[in-house]
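Q: Structure provided below as structure tokens; questions to follow.
The values are calculated or read from the model by the stated rules, or taken from the named source; none is laboratory data. Because the structure is a prediction, the values reported are computed rather than measured. Ideal geometry is used to build each Cβ from the backbone, glycine not excepted, and the neighbour counts take in all protein chains shown.
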Amino acid sequence: MTAPEEELGDRLRSLADRAGPPTADGPGLARAVAERSESRRRTRRNLLAAAGCLVLVGIAVPRLGDLSPEKAVSSGDVSSGDASSGGASSGGASSGVSSSAAPGGPPFTRVPTVDIADLTTRGSLSDDQAFLDGVRALDWTEEAPVRAADGTILYYQPDPPVEAREVVFAGDVPGGRWALVAGRTSPVGANVPEDVVPHDELVAAWFTGPPGAAPEQMVLASGPNGIAGDWPVALTDPRTGVVVVVAAPGDVVEVSTRPLIGADGSTSREWREVDTENGVAIARVPPFPRAADGSTSYRVLRGGRLEARDMPWSVVVEGAGEPPAIAYPRGRPAELGQQAAEYSAEYVLAELGLSGMQTTVAAQWVGPVPTDGPGVAALVTVTLPSGAIVVQAQWLMPEDPDGSSMGTYCGRAILPAGPPVERRVHAVACEVFDTTSGHPVSTHLVVVGPPEVALIRTYDDDRVFLGEHTAQDGVVVAPLPLGTDQVEAVTAGGVTLGRVDLMGQTVDFGD
């Protein structure tokens, strides 16, 4: 094996180790999640872009499952108090409570798949043909392809032709009218740029409108995003707390309002079964003043076994809520650094379903990555009432002329309660992108520790010493040595503060 091949192998093994183990929900669900990974990445990119952050998100209504806090009942593995908020937990419907552990069922039993896009339209407006025809013809993609400075298309989701679309759900919900439309992007419509390669993909989009809205009053609320036909699709609106889950007839739907994080860093969820009508669940969770709902989760049981578990797509609300108050122990950075810190903090709080008032948020460090580059990284910690800490690092480029920004997440972790957060050592790997092409060009090690840290040593996953770097004010920013798995912080007096793992890219919020 050549030296470059060995280096590539070391890099891939290091990335795989940081990614963590696969899901424990069984091979079928693991395979389904893997197949949908690209669609979920698109969903997140769309959500962030829509929020203005980054380029990388009189007719009968089915009975509601009320998930308001006063009707919450703790599940079997979670105490009635919320470990992350210090108060009563929220969640659940009166129709039943189940353990947050995945339900059992006969081993190796195959449950037939159902393509929800092939089913007849469901919802209270399913018989209103004029409304269905009007919604089917609505425009989807309102924006041109996202391009790098050299013209390379970074992301584009073309509209499926009207004749290839189906209205999966159309109905009245509390406070409005919603519709889910799905279709295939092949054959590609005439509005697609010439340099977009046609591809055959099932995509979907949610449209929302006011109560009694006519088709022309319905607006694109989320999507379009790629979907798998045999996977449920859901939408939530943080302003009203309405959640709609479109599954298959006979499925059992459970909803969780947010993750619970204990003092030991463990995560769990309370799941509440909600009523369904013909495979569609319309539920309520507590509304929250945030740009998007990142904390609500749902799962679907079919034939007594877990069929799917996911987070719903979210309506994006411009200017919702006040930015969280962030402490800057190393001094307030320039505007770009503050933006990176705010993005990280708001992202974490949205996934936790908490406000800044319920937590302590601090940007432990903000600075350029690489040291001579225009991009800035921010390492933010969110301390929960339980004492557990969520850490996230964000890399961000200056704003482009069109108002968009390019950025990426460097790492995240959930740490148990213990030493003060400012006395801990945090290590992440930040991938730096070329603004012209949008391609990654380098990966940098960022280590943030107490100010007295003078030296950072790096080790691979076999605990073999790789190198050392001089720290300034407890911080190191340097090209990532291939194979880096752990770092050790050493003070000027030669006292080691121990070794910490390089943070991964994902954490388990019970999803």
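Q: Only one of 505, 486 is touching a Lys or Arg at 6+ places or on another chain (Cβ under 6 Å) and crowded, with 16+ Cβ neighbours inside 10 Å; which? Spell out how you get there, then give the answer.
A: On the way: 505 fails: touching a Lys or Arg at 6+ places or on another chain (Cβ under 6 Å).
After ruling out the rest, the residue left standing is 486.
Q: Out of the residues in segment 236-272 that are part of a loop (DSSP other than H, G, I, E, B) and charged (D, E, K, R), state the one that is nearest to residue 178 (Cα to Cα). Before the answer, list the steps.
A: Going residue by residue through segment 236-272, those that are part of a loop (DSSP other than H, G, I, E, B) are 237-241, 247-251, 257-259, 262-266, 269-270.
After this cut, where a residue has to be charged (D, E, K, R) as well, the list is 237, 239, 251, 258, 264, 269-270.
Working: 237: 11, 239: 15, 251: 21, 258: 23, 264: 41, 269: 27, 270: 27 Å.
The extreme case among them is 237.
Q: Considering only residues that are of a type in the set (Gly, Ala, Ser), within 30 Å of the chain's Cα centre (by Cα) and farther than 18 Å from residue 426 by Cβ, which ones fall in segment 454-488?
A: 483 - this is the single residue of segment 454-488 that is of a type in the set (Gly, Ala, Ser), within 30 Å of the chain's Cα centre (by Cα) and farther than 18 Å from residue 426 by Cβ.
Q: Right, next: Residues of segment 362-389 being assigned to a strand (DSSP E or B) and closer than 14 Å to residue 339 by Cα, which ones?
A: Narrowing segment 362-389 to residues assigned to a strand (DSSP E or B): 362-368, 376-383, 389.
Listed by number, the residues that qualify are 362, 363, 365, 366, 367, 368, 376, 377, 378, 379, 380.
Q: Being modelled with pLDDT of 95 or more and of a type in the set (Val, Ile, Thr) narrows it down to one of 255, 317, so name that one.
A: None of the other options fit; the residue is 255.
Q: Being in a strand (DSSP E or B), over 21 Å from residue 507 (Cβ atoms) and of a type in the set (Gly, Ala, Ser), is that true of even one residue in segment 299-315?
A: no
Q: Right, next: Could you give every pair whose Cβ atoms fall below 9 Å, whose first residue belongs to segment 334-355 and is assigned to a loop (DSSP other than H, G, I, E, B), and whose second residue is of a type in the set (A, V, I, L, M), counting only separations of at least 6 or pairs across chains?
A: Taking only residues 6 or more apart or on different chains, the pairs are 334/366; 334/376; 353/285; 354/348; 354/382; 354/384; 355/349.
Q: Continuing with the same structure: Considering only residues of segment 352-368 that are buried (at least 22 other Cβ atoms within 10 Å of the Cβ) and at pLDDT below 95, which is farthest from residue 267 (Cα to Cα)?
A: The qualifying residue farthest from residue 267 (Cα to Cα) is 359.
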